[in-house]
Amino acid sequence: MRLSERLKQLARAEGAQSFSAAPHDLTQVLRLLVVDSGRGNDAGRIDLRLPKSAVPSRIAPDAVAIVARNLIENALRHSDSDKIRVILTDAGWMCVENDCPAIPEALLADLSERFIRGLDAGSGSRLGLAIVRTIADRTGVAMTLTSPLPGGARGFRASFQPGFKYSS
C-alpha cells in the first residue's frame with residue numbers, strides 16, 4: 001500500500017467513528033477481508049482460522065477492517081514463508097502470524113510507533129502497526145506484539161481483541 005493510502009487510513013483511524021450502534025459478527029468481516037486480501041500474487045497465502053460460532057463486536061466494522069488489512073499486509077510483506085495465519089478466537093482475539101527471524105524485545109516494543117521498521121523490513125510506509133495502535137487506543141482494545149512465536153525461535157504475532165466490546 002502506498003504512503004498516501006496509509007496516511008488516509010491513519011486519518012480515518014484518528015477521526016472515524018470507533019463503535020457501531022449494534023453488535024456485528026467479526027467472522028463475516030474477516031472472511032470478506034481475507035478473500036479480498038488473498039487475490040493476485042497473494043492467492044492461497046492466507047490460512048484463515050475462524051471459530052464455528054459468531055464472535056460479536058461493537059467496534060465499527062470499518063475500524064476492524066482497517067486493523068485486519070494492515071496486519072495482513074504486514075504479515076504478507078514480511079513473511080519468510082509462503083503462508084501466514086489469520087486466527088479469530090472464540091474469546092474475540094484476532095491474531096495474524098508470519099514466519100520471520102525473531103524480533104529483539106527492545107525493537108518489538110517500538111514497532112507500533114510511527115515510522116519505526118523492523119530489522120531487514122524492506123520497503124513500506126512504516127505506518128501499518130501505528131494505525132493498528134491508534135485504533136486500539138481509541139477503542140480501549142488490547143493489542144500485543146509477540147516475537148518469537150510461542151514454542152519457537154522464529155516468527156511474529158500481532159494480536160488485537162475487537163470481540164465483545166460493548167461499551168463506548
Mind checking which residues of segment 92-119 are part of a loop (DSSP other than H, G, I, E, B), within 15 Å of the chain's Cα centre (by Cα) and modelled with pLDDT of 65 or more?
GLY92, TRP93, LEU111
With (1) closer than 18 Å to PHE160 by Cβ; (2) surrounded by 15 or more Cβ atoms within 10 Å (Cβ to Cβ) as the list, and GLY38 as the residue in question, which single condition is left unmet?
(1)
Given the structure, is LEU26 among the aliphatic types (A, V, I, L, M) and farther than 19 Å from PRO150 by Cβ?
yes
Residue list for segment 43-60, restricted to those being of a type outside the set (Gly, Ala, Ser), within 20 Å of ASP82 (Cβ to Cβ) and surrounded by fewer than 17 Cβ atoms within 10 Å (Cβ to Cβ):
ASP47, ARG49
Which residues, taken from segment 4-27, are part of a helix (DSSP H, G or I) and at pLDDT below 95?
SER4, GLU5, ARG6, LEU7, LYS8, GLN9, LEU10, ALA11, ARG12, ALA13, GLU14, GLY15
Just checking, does segment 71-89 include any residue being under 19 Å from VAL29 (Cβ atoms), surrounded by fewer than 17 Cβ atoms within 10 Å (Cβ to Cβ) and at pLDDT 90 or above?
yes
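The values are calculated or read from the model by the stated rules, or taken from the named source; none is laboratory data. In this text the structure is predicted, and so the values were computed from the model without any measurement. Here the Cβ is made from the backbone with ideal geometry for all residues, glycine too, and neighbour counts use every protein chain on show.
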